[in-house]
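The values are calculated or read from the model by the stated rules, or taken from the named source; none is laboratory data. Remember, it's a predicted structure, so these values are computed and weren't measured experimentally. No Cβ is skipped: glycine too gets one built from the backbone with ideal geometry, and neighbour counts run over all protein chains shown. Calculation scope for accessible area: heavy atoms of the full protein, side chains included, ligands and nucleic acids excluded. Shrake-Rupley method; radii C 1.70, N 1.55, O 1.52, S 1.80 Å.
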Amino acid sequence: MLINCVAYQEGKKLSDVTIEEISDYLGRPGTFVWVALRDPAPEELLVMQEEFGLHELAIEDAQRGHQRPKVEEYGDSLFAVMQTIELNDGELVIGEVDVFVGANYVLSSRLNAAQGFLGVRARAEREPHLLALGSAFVLYALMDAVVDRYFPVVDMLETELEKIENRIFIRGSQRANIERLYELKAKVLVLRHAVAPLMEGVGRLHGGRVPAICMGSQEYFRDVHDHLHRIALTLDTIRDTISTAIQVNLSMVAIDDSEVNKRLAAWAAIFAIVTAFAGLWGMNFKFMPELEWQYGYPVALGIMVTVCGVLYWRFRRSGWL
């Protein structure tokens, strides 16, 4: 569906325009048209392709959706794909924003994203001296909005990791900790897959060979790149911490198993003594002097109890019981 379609000239809003009027404004000097779509039908994208002369491969990617974040050049135009990451009851909802940019137009299309970009348009209109930079500034503003929405997700991941770390040494919580750590690691990878490719694409919009559209806006794209780089470093730190926490949890499980094995081994040794004595005196040979001794039974029991008591005391002293 069409959200809005506005024409701008020299950084100032001219008017809202209809789709049929777009071509009338594209030819005006210093003017560009900004069209915003939400979950567009393939037919709507084909109409936009005809109006702006969009490349068929870019249109094909936008129609399919679920694209890897990227920034591609098609002649004198750009096609950018960004993933939106939104929080919904602690779960990550992945959406997509496709942006077509030319010298005199910007077409943004968002898929499966609840949050819109009306705030971005309002911000741009409040800064006409920046909007006068043209369609490249709109691309920067959209990228900056998407990247800024990653920061609350990063904060959530760090908070969740801190909660799990506080429970690592609580006895009996290791299995639940490992499950939560693996769930957290999956969320980190989701955000990492959105950030890393986009950082690579934005890196081509400042410094070196820069597309002509972005020549006057390089410092703004560098700012976006710095934000992405900072997020990527934080995600790497979180991922390393998760790996360490998993190893610590596995070590705690091994320690608990070792304690159980010690106890089992200690009790097995004690009962082995009883079994050995009982087996020795249970042999019914004819010439065993203990068989005819009046005090043989109580003495045998006393020896077994004494030996078992000594073993129990030694194991307790060694921390095995």
- Message: Over the Cα atoms, compute the radius of gyration (one decimal) and Dmax (the largest Cα-Cα distance, rounded to a whole number) for segment 166-220, in Å.
- Response: 20.4, 61
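What dipole magnitude, in Debye to the nearest 20, does segment 32-106 give about its Cα centre under +1 on Lys/Arg Cβ and -1 on Asp/Glu Cβ? List each step's numbers first, then the result.
On the way: 4 positive and 16 negative charges, 35 e Å.
Magnitude of the dipole: close to 160 debye.
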- Item | Debye equation applied to the C-alpha atoms of segment 79-217, log10 I(q)/I(0) at 0.16, 0.21 Å⁻¹ | -0.88, -1.27
- Give the residue from L161, H129, V147 lying farthest towards the positive end of the charge dipole for segment 110-187; charges sit on Cβ (+1 for Lys and Arg, -1 for Asp and Glu) and the dipole is referred to the Cα centre. L161
- ³J(HN,Hα), Karplus 6.51/-1.76/1.60, whole Hz, each residue of segment 71-83, x for Gly, Pro: 10, 10, 9, 10, x, 9, 10, 10, 10, 10, 10, 10, 9
- Task: With all protein chains present, calculate the accessible area of K187 using a 1.4 Å probe and round the result to the nearest 10 Å².
- Result: 40 Å²
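Taking square-rooted eigenvalues a ≥ b ≥ c of the alpha carbon gyration tensor, is segment 65-141 rounded, prolate or oblate, where a/c under 1.5 means rounded and, failing that, a/b exceeding b/c means prolate? The partial results should precede the final answer.
Numbers: a/c = 3.09, a/b = 1.36, b/c = 2.27.
Cα axes put segment 65-141 in the oblate bin.
Accessible area per residue of the chain at 1.4 Å probe, in Å²?
Details: 17340 Å² over 321 residues.
Here the per-residue accessible area is 54 Å².
Under a Cβ-Cβ cut-off of 9 Å, what is the net charge of the residues other than H227 that fall near it, where Lys and Arg count +1 and Asp and Glu count -1? Write down the numbers at each step before the final one.
Numbers: positive: R230; negative: D144, D148, D223, D226.
For residues surrounding H227, the net value is -3.
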- Message: Suppose R0 equals 41 Å. What FRET efficiency, 1/(1 + (r/R0)^6) with r the Cβ-Cβ distance, do E165 and R126 give to the nearest 0.05?
- Response: 0.45
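What FRET efficiency, computed as 1/(1 + (r/R0)^6) with R0 = 35 Å and r the Cβ-Cβ distance, is obtained for E21 and R64, rounded to the nearest 0.05? Walk me through the numbers before you get to the answer.
Numbers: r = 29 Å, r/R0 = 0.84.
Calculated value: 0.75.
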- Query: When every alpha-carbon pair in segment 12-60 is counted, what percent end up more than 11 Å apart?
  - Reply: 72 percent
- On the full set of protein chains, 1.4 Å probe, figure out the accessible area of H225 and give it in Å² to the nearest 10. 40 Å²
- Task: Go ahead and collect, in residue order, the members of segment 27-42 whose backbone nitrogen is under 17 Å from a label point 7 Å along the Cα-Cβ direction of N4.
- Result: 32-39
- Message: Less than 14 Å apart at the alpha-carbon level, and either on another chain or at least 8 residues along: which aspartates and glutamates does that give for K70?
- Response: D61, E96, D98, E200
- State, to one decimal in nm, how far the label point of A265 lies from the label point of L14, with both points 7 Å from Cα in the Cβ direction. 8.5 nm
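Computing the accessible area with a 1.4 Å probe over protein heavy atoms, can you report the carbon and sulfur percentage for segment 4-118?
Values: 2500 of 5410 Å².
The value for segment 4-118 is 46 percent carbon and sulfur by accessible area.
Of I170, I178, I270, which has the most accessible area and how do the rest follow, probe 1.4 Å? Intermediate values should be presented prior to the final figure.
Values: I170 80, I178 35, I270 10 Å².
Largest accessible area first, the list is I170, I178, I270.
Using the Cα centre of the chain as the reference point, and only Cβ charges (+1 on K/R, -1 on D/E), how large is the resulting charge dipole? Debye, rounded to the nearest 20. Walk me through the intermediate numbers first.
Numbers: 31 positive and 43 negative charges, 447 e Å.
The calculated dipole for the chain is roughly 2140 debye.
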- Note on the structure: Here the net charge surrounding A7, from other residues whose Cβ is less than 15 Å away from its Cβ (Lys, Arg +1; Asp, Glu -1), is -3
- Report, by chain and number, residues whose modeled amide H sits under 5 Å from the one on T84, excluding near sequence neighbours (fewer than 5 apart, same chain). G95, E96, V97
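Using a 1.4 angstrom probe on the protein heavy atoms only, could you order L189, L131, L264 from most to least accessible area?
Result, largest first: L264, L189, L131.
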- Gyration tensor verdict on segment 1-106 (Cα atoms; rounded if a/c is under 1.5, prolate if a/b is larger than b/c, oblate otherwise): prolate
- When all protein chains stay in place, what accessible area (Å², nearest 10, 1.4 Å probe) is found for Y182? 130 Å²
- Query: Where a Cα-Cα gap under 24 Å defines reach, which lysines qualify for K163, not counting those fewer than 8 residues away within the same chain?
  - Reply: K185, K187
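Pull out the extension gain between L118 and R28, defined as 0.36 nm times the separation in residues minus the alpha carbon to alpha carbon distance; nm, one decimal. Before the final figure, lay out each step's value.
Working: separation 90, 0.36 × 90 = 32.40 nm, distance 2.50 nm.
Residue separation times 0.36 nm, minus the Cα-Cα distance, leaves 29.9 nm.
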- Message: What do you get for the angle between helix 296-318 and the principal long axis of the chain? Use alpha-carbon atoms, 0 to 90 degrees, nearest ten.
- Response: 30 degrees
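Provide the FRET efficiency to the nearest 0.05 for the D89-S318 pair, computing r from the beta carbons and using R0 = 56 Å.
0.65
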- Task: Amide H neighbours of L37 under 5 Å, at least 5 residues apart or on other chains, H built in the peptide plane: list them.
- Result: I3, S108, S109, R110
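Based on the Cα atoms of the chain, what semi-axes does the equivalent ellipsoid have, where each is the square root of 5 times one gyration tensor eigenvalue, given in whole Å with the largest first? Don't jump to the answer; show the numbers that get you there.
Numbers: eigenvalues 1153, 60, 42 Å².
After scaling each eigenvalue by five and taking roots: 76, 17, 15 Å.
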